[in-house]
Amino acid sequence: MEKIAFVFPGQGSQYPRMGKQQYERHAIVRQIYEEASDLIGIDMRKLCFESSIDELKQTHNAQPAIFTVSYAAFKVLTKEGLEPSFMAGHSLGEITALACSGAIEFSDAIRLVRTRGEIMQQVGEKSAGGMAAIKDLSLTEIQKICAEYSVNGNVACISNYNSNDQIVISGSQEVLAQIKEDLNNNKSVKFTKLKVSAPFHSPLMQSAVEKFTQELKKYNYHDMKYPVISDLTSQPYKNCDEIKGLSQHLVNPVMWKKTVDFLNE
């Protein structure tokens, strides 16, 4: 078999009943859900399978839910004999990748993503911002739009470099609405608000950085069984000490296109 990568999703990928089939089929998955529920005091089965999309969209719910479903999927895959050559994750997914690599113990990782979600939720409520994906518009044009709207204290910035034809921006709800209206004149461009509750990966999240930095200091980190690619550098982590820099994710863009290019190479 050729080399394979395990790639873990970030926030915005959540949906009601996600992971239900693997929960019903595999005892190891049910065990993971039970352990996660005990560790953070949330019924993960109920959260993942019975919540509405609006409940799951809330950052403090979405992050532990996506992490648990993803971690359980990893355990099923490895139990069936699949092993990755590399692992990567989109934003939150990078923490999942680090946990699956053994760099962060599961019990620490589920607490970490729960706290990360709470911190980001609190900051997001104060910033009243959001995110939107723009498809089929050049990077140069998107950069120009962000510069035009980043005046008089407003913020509009690129937050995810996802692919050649899809870029995600973050900003206040008002600024995003104005940008959407401007782009409506261009019928070839698709503007999609994301199912998130805050302007992640932007300067609007700056007040969350120090809080999450302090949280990261509470845990011990270990050598990785599999190489994990960093969203910040699009290169493999050199050592587990670099994990303490995860707080910078909150205000820096996800370099996903470069990460995929690295994996392809």
Quick check: the distance between the Cα centres of the range 131-180 and the range 17-49, to the nearest angstrom? 36 Å
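So what's the convex hull volume per residue for the Cα atoms of the chain, in Å³?
Numbers: hull volume 35.1 nm³, N = 265.
So the per-residue Cα hull volume is 133 Å³.
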Scan the range 168-202 for trypsin sites (Lys or Arg not before Pro) in coil per DSSP, keeping those whose Cβ has at most 10 other Cβ atoms within 10 Å, and list them by number. K187
Compactness index (Cα Rg / 2.2 N^0.38 Å), the range 1-106: 1.03
When the convex hull of the Cα atoms of the range 176-265 is projected onto a plane and the area is averaged over all directions, what value comes out in nm²? 8.4 nm²
Rounded to whole Å, sorted largest first: equivalent-ellipsoid semi-axes of the range 128-199, Cα gyration tensor: 17, 13, 12
DSSP-defined beta bridges in the chain - what % are antiparallel, rounded to 5: 75 percent
Spelling out what I want: for every residue of the range 86-101, take phi, set θ = phi - 60°, compute 6.51 cos²θ - 1.76 cosθ + 1.60 (Karplus), and round to whole Hz; glycine and proline get x. 9, 9, 8, x, 8, 6, 3, x, 5, 5, 4, 4, 5, 5, 5, 7
Starting from the Cα of I40, step 7 Å along the direction of its Cβ; do the same at L139; then give the gap between the two resulting points in nm. 3.3 nm
Once you have the Cα-Cα distance between E55 and T233, take 0.36 nm times their residue separation minus that, and quote the gain in nm to one decimal. 60.8 nm
How high is the relative contact order of the range 128-199, in percent, with contacts defined as C-alpha pairs under 8 Å that are six or more residues apart? 47 percent
What residues qualify as long-range amide H neighbours of S159, i.e. H under 5 Å apart, gap of 5 or more or another chain, H built at 1.01 Å from N? V168, I169, S170
log₁₀ of I(q)/I(0) at q = 0.12, 0.25 Å⁻¹ - the range 66-120, Debye sum with one point per alpha carbon: -0.26, -1.02
Whole-number percent relative contact order across the range 133-247, with pairs defined as alpha carbons under 8 Å at least 6 apart: 22 percent
By the Kirkwood definition, with r running over pairs of different Cα atoms, the range 71-156 has a hydrodynamic radius in Å of 16.3 Å
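Report the per residue volume, in Å³, of the convex hull enclosing the C-alpha atoms of the range 116-265.
On the way: hull volume 17.7 nm³, N = 150.
So the per-residue hull volume is 118 Å³.
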If each of K3 and K187 carries a label point 7 Å out from its Cα toward its Cβ, how far apart are those two points in nm? 4.5 nm
How much mean residue ellipticity at 222 nm does the chain get from its helices, if each DSSP H run of length 4 or more adds -39500 (n - 2.57) and you divide by all residues, to the nearest 500 deg cm²/dmol? -14500 deg cm²/dmol
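Every read-out reported here was derived from the displayed coordinates using simple, explicitly stated rules and does not represent laboratory data. Here the structure is a predicted model, which means the values were calculated and not measured. When we count neighbours, we look across all protein chains shown, and the Cβ atoms used for this are built from the backbone with ideal geometry, even at glycine.
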